[in-house]
Amino acid sequence: MVKPSDILKDAIKAVPAVKYALGVTGIVAAIAIVASFQIDLRIALFGTIITLILMVILVLFANLSQKTTIFHRPAIVFTWFSLIMLMATTICLFTSVFFKLPLNLSDFFRPDPVIPEYQEKVVNIFERDWKELKSRFSNRDRSPGDIVYVQTHGITVADNFMAVPDNRLNLSRTIIKYQYAGYSYIMIAILEPIPNLKKKYARKAIFCCNKALTVFNTLKNNGENGNLNAQNQAQEFINDLTFERCKTILAWAYAILVDLKCEELSNVKQAIFDIHEKNPRYNYDYPPWTNEELIKVWPTLKDELENR
């Protein structure tokens, strides 16, 4: 039986140029192997180019000690180039990791603890549970059923947010977690008739919103230090009025504590003034003085803001 390989050998003897068909066959075989591994052909192409470059480097190094070859001078030049690049890269990497210059790579060698399952859990709580809670709370014709719903489900929603570990979330999801847990707690506190429970949930809202603002500032700092992803995420939270929302919740929570003789009115005023200085329009688009707790402890709020 005649083998294909024998036919190819006979063809090469008759026409020597046919031997290049072996090279073509090898390339086709390599493509078939790459396709069988389900590797992106673009990656395979890029890898092939890198392989060819490395092959040239090997030829240069192989001829480095042979002064008589035409590759000796290019090998010397490449050796010095490699040495300088290695030193420069090492110095830049060292300063980036330990001193955050020229790039912030302080977290480069830390394992990534973020788990998508937890990321998605925070989003699900927000989309499925928190929005319904906010809808019931914001209802202008709030029924007794709405009040009971907020008081019972609000605790569950807030606790579900808080049950998600921080070390399994990235910074943006951590901000969402604390921001809306704080919002849940303040809704409960506003509707809670028992003073001790009212105080408890107001303090929890304060803790959550302060935490959200701290993480928000960390995200902004990362963006300012050259992290483009952090920069984009921080801008999204700025557009979403995260700072103003958290400060408003803080003002409401402090107002509850002022009414219960647990805080000074100055804390309420500082939170509102912080909002006014950062975004004066916020006070007119989402007037905080419509909150009953604020009106109770600071009836002249609107006038004082207009006179600033």
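Filtering Gly154, Gly145 for residues that are buried (at least 21 other Cβ atoms within 10 Å of the Cβ), assigned to a helix (DSSP H, G or I) and at pLDDT 85 or above leaves a single hit, Gly154. Could you tell me whether region 192-208 includes any residue that is in the same structural domain as Lys269 (by TED's automatic domain parsing), in contact with a Pro (Cβ under 8 Å, 6 or more places away or on another chain) and more than 24 Å from Ile272 (Cα to Cα)? No, every residue in region 192-208 fails to be in the same structural domain as Lys269 (by TED's automatic domain parsing), in contact with a Pro (Cβ under 8 Å, 6 or more places away or on another chain) and more than 24 Å from Ile272 (Cα to Cα).
Within region 201-253, restricting attention to residues that are part of a helix (DSSP H, G or I) and among the acidic types (Asp, Glu), the residue that is nearest to His153 (Cα to Cα) is Glu244.
Considering only residues that are out of contact with any helix residue (DSSP H, G or I) (no Cβ under 7 Å at 6 or more places or on another chain) and part of a helix (DSSP H, G or I), which ones fall in region 259-274? Listed by number, the residues that qualify are Ser266, Lys269, Gln270, Phe273. Among the conditions (1) out of contact with any Cys (no Cβ under 7 Å at 6 or more places or on another chain); (2) of a type in the set (Val, Ile, Thr); (3) more than 30 Å from Leu101 (Cβ to Cβ), Val215 misses just one, which is (3). Just one of the listed residues (Ile256, Ile190) is part of a helix (DSSP H, G or I) and crowded, with 24+ Cβ neighbours inside 10 Å, namely Ile256. One residue is enough: does region 211-222 have a residue meeting the conditions assigned by TED's automatic domain parsing to the domain that holds Lys131 and either under 22 Å from Lys296 (Cα atoms) or in contact (Cβ under 8 Å) with a residue 60 or more places away in the chain (or both)? Yes, region 211-222 contains at least one residue that is assigned by TED's automatic domain parsing to the domain that holds Lys131 and either under 22 Å from Lys296 (Cα atoms) or in contact (Cβ under 8 Å) with a residue 60 or more places away in the chain (or both). Determine if region 81-100 includes at least one residue that is small (Gly, Ala, Ser) and either modelled with pLDDT under 65 or touching a helix residue (DSSP H, G or I) at 6+ places or on another chain (Cβ under 8 Å) (or both). Checked region 81-100: no residue is small (Gly, Ala, Ser) and either modelled with pLDDT under 65 or touching a helix residue (DSSP H, G or I) at 6+ places or on another chain (Cβ under 8 Å) (or both). Going residue by residue through region 126-133, is there one that turns out to be aliphatic (A, V, I, L, M), at pLDDT 85 or above, over 21 Å from Lys211 (Cα atoms) and surrounded by 11 or more Cβ atoms within 10 Å (Cβ to Cβ)? Checked region 126-133: at least one residue is aliphatic (A, V, I, L, M), at pLDDT 85 or above, over 21 Å from Lys211 (Cα atoms) and surrounded by 11 or more Cβ atoms within 10 Å (Cβ to Cβ).
None of Phe216, Phe237, Phe243, Phe207 is of a type outside the set (Gly, Ala, Ser) and within 26 Å of Glu304 (Cα to Cα) except Phe243. Of the residues making up region 233-246, one or more are touching a helix residue (DSSP H, G or I) at 6+ places or on another chain (Cβ under 9 Å), buried (at least 20 other Cβ atoms within 10 Å of the Cβ) and charged (D, E, K, R).
The values are calculated or read from the model by the stated rules, or taken from the named source; none is laboratory data. Since this is a predicted model, take the numbers as computed values, not measurements. Don't worry about glycine lacking a Cβ; one is built from the backbone with ideal geometry, like all the others, and counts go over all protein chains shown.
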